[in-house]
1. Please go through the range 524-570 and give me each residue that is open to solvent by less than 30 Å² (accessible area, probe 1.4 Å), within 30 Å of T271 (Cβ to Cβ) and not in a loop (DSSP other than H, G, I, E, B), ordered by number.
2. Just the residues that are farther than 16 Å from Y140 by Cα, part of a helix (DSSP H, G or I) and open to solvent by less than 40 Å² (accessible area, probe 1.4 Å), please, taken from the range 471-508.
3. Given the condition under 26 Å from the mean Cα position of the chain (by Cα) and among the charged types (D, E, K, R), answer yes or no: does some residue in the range 670-684 qualify?
4. Just the residues that are surrounded by fewer than 16 Cβ atoms within 10 Å (Cβ to Cβ), assigned to a strand (DSSP E or B) and under 25 Å from the mean Cα position of the chain (by Cα), please, taken from the range 27-59.
5. How many of the residues in the range 272-301 are open to solvent by 10 Å² or more (accessible area, probe 1.4 Å), touching a helix residue (DSSP H, G or I) at 6+ places or on another chain (Cβ under 7 Å) and among the β-branched types (V, I, T)?
6. Could you please let me know if G269 is at pLDDT 95 or above, open to solvent by 10 Å² or more (accessible area, probe 1.4 Å) and under 12 Å from V326 (Cα atoms)?
7. Name the residues in the range 138-158 that are closer than 24 Å to G346 by Cβ, open to solvent by less than 20 Å² (accessible area, probe 1.4 Å) and among the small types (G, A, S), would you?
8. For T612, state whether it is over 19 Å from N673 (Cβ atoms) and open to solvent by less than 60 Å² (accessible area, probe 1.4 Å).
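The values are calculated or read from the model by the stated rules, or taken from the named source; none is laboratory data. What you see is a predicted model; the values in this text were computed from it and never measured. Ideal geometry is used to build each Cβ from the backbone, glycine not excepted, and the neighbour counts take in all protein chains shown. Note: areas computed on protein heavy atoms with side chains; ligands, DNA, RNA excluded. Shrake-Rupley method; radii C 1.70, N 1.55, O 1.52, S 1.80 Å.
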Amino acid sequence: MALSSTVSPALEVRHSTCPHDCPSACALDVEVVDHAKIGRVRGSKRQSYTAGVICAKVARYAERIHHPDRLPHPLKRCGPRGSGQFARISWDEALDEIAMRFEQAERDHGAQSVWPYYYAGTMGLVMRDGINRLANVKKYSRFYGTICSTIAWAGFAAGTGKVAGVDPREIAQSDLVVIWGTNAVSTQINVMTHATRARKERGARIVAIDIYDNETMKQADIKILLRPGTDGALACGVMHVLFRDGYADRDYLARYTDCPDELEAHLAGRTPQWASAICGVPVEEIESLARAIGETRRSFFRLGYGFTRSRNGAAQMHAALCIPAVTGAWQYEGGGAFFNNGAIWGFDKTLIEGLDSIDPAARRLDQSKIGRILTGDPEALRDGPPVKAMLIQNTNPMAVAPEQALVRQGFARDDLFVAVHEQFMTETAQIADIVLPATMFMEHDDLYYGGGHQHISVGAKLIEPPGECRSNHQVIQALAVRLNAQHQAFELSARDIIDATLQRSGRGGIDALQAELWRDVQPDFRAAHYLDGFAHPDRKFHFKADWSQLGLNHAGLVGPWQQMPALPDHWAVIEQADAEHPFRLATSPARSFLNTSFTETPSSRSREGRPTVLMHPADAARLDVGDGEAVTLGNRRGETTLNVKLFDGVRQGVLVAESIHPNHAHAGGNGINVLTGADPVAPHGGAAFHDNKVWARKALTPFAGPAPADHD
């Protein structure tokens, strides 16, 4: 009798970079099994920022990339829009249909009636931004991405002159780490890696400033719990104490800042008592925070996106950024501020985006205003033709865009053609005319940088995609042929474009970068700390912001930018609670989801459960709502139903809905963004996701969404 033998699968550890919409852009060590599947995913210890630590959802990536519900074939709608009725078709049929509908829209309404729409489902430069090449060459409507970063970038650049700061690894050399407006434990785990190292090795204290007692706050030594949209008031109260009690570095202020005397006079009336009345933080806590900052030279301000997603968000970022300039913390290792390193990359993206083909006269349509655009708002359309055809990549606007009632109305139009290139049947894919199956990041080549650190990298293809999945670049190439779009990059592979982009950018070639795995391009200490001057023409840090002159790429000044405070202040332009809408709602990120990515994976769904809203027990008692019971929230934009989670880690009158859950998880199918607005945020646009006034009442339905599954 012959003995059976078992052949062990071949396992190889290869390297990549996480492509998801997160500043950490983590360095990954990936187990590849038989060149066909991935196994465990770990953070690489060979890259100094990731330092071996990644979030749990990416560590479980095998369950996402090998998910049975991935889209394997092109589909064409064969029933009413949104019915979910599709028939399988070939790639040629799908691409021919898209090209035909684009050409028809162009003939009938002009090229700008076609709007390629995308965002950050991948942060890889080729796969994310290559769609712009098609738009630029064909003179379609251009895309202005505002959902994520425009508000925060403006606030930071107002002070420093550019978006770049201290090496974030210097957090580990700090004696006081101030994590302001970001739940780093859930959204940027590497910030906590370096902060806890500082605490362990130096005895550093961690300060967390946020609107609810989240996981980051729970790990902090000093917790500051404030009302949404009032961070500017807190910052001013702190700076008042710094000047009053002799903590301001007069020599640094005289040498490096524009108007310290004017700032001090301005802050004379911004006392802790004044600030407390606005932000809800007790006076003694403001005084104590100011002393901790003033007495600690090495104070590192890690500023986040969260507190900028409000109508006064740019002013709030600028106000917080002013604090280390008052103390002169920028002078010291482990001191200063960091938000994003957007200014250090210097990539020439001509090939990727077709920058040499831009027609400046082609309108740029605001991503956040998609609901208004698709429902024919003349202002949102920039007084141009209606949008008649779209190709959507890397985003799920039917769930993530604000003003969801308008978004749904717009996508329901019979005269709108929509093609969606996706990995799963998202809410946006469900309303499409053509659905194309997309690769994931380990199934194609791409180029990455880390917004939250200083490394660039090549993410090489590790395994073959399932079914007939194609990459974004392959789809754009194939459409270019059918649309007679001429550009040299349409003839190149993704790898060729990466190589040429690196060489044009003075970064060598693809082989050299791939051999290095993750290249550290951090500017030197003096440059990162602005010791030779800040990036404004006068080389000063600007306490007095000129909001009309920030040197950032934008689509024009919008919103009430003329009313923005020049000096740091509380700008009361937020949606204030009132008698009809007594609550302030923020839609903060969920730990196991990333926008709507990972909402399909079993472990993430299990951990998040059904949609909930955190509510102070006293508020719940007034509404006669118990823990786990359903509550309906509403405002003039719409209403949605969630389950209450009693939580005394918010100030009374504040609600937090950790999202984004799929729309269908909510009773009635209305997701949380039915409540959020798309009115323009000064000075360059953006979405004020955490700035909503709402009413609340006990729901008629007993539950909102499916019950949570058992945890692993």
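1. Across the range 524-570, the qualifying residue is only F541.
2. N472, H473, V475, A478, A489, F490, A494, I497, I498, A500, T501, L502
3. Within the range 670-684 (the criterion being under 26 Å from the mean Cα position of the chain (by Cα) and among the charged types (D, E, K, R)), the answer is yes, since at least one residue qualifies.
4. Passing the criteria: none in range.
5. 2
6. Against the criterion (at pLDDT 95 or above, open to solvent by 10 Å² or more (accessible area, probe 1.4 Å) and under 12 Å from V326 (Cα atoms)), G269 does not qualify.
7. A152, A154, G155, A157, A158
8. Against the criterion (over 19 Å from N673 (Cβ atoms) and open to solvent by less than 60 Å² (accessible area, probe 1.4 Å)), T612 does not qualify.
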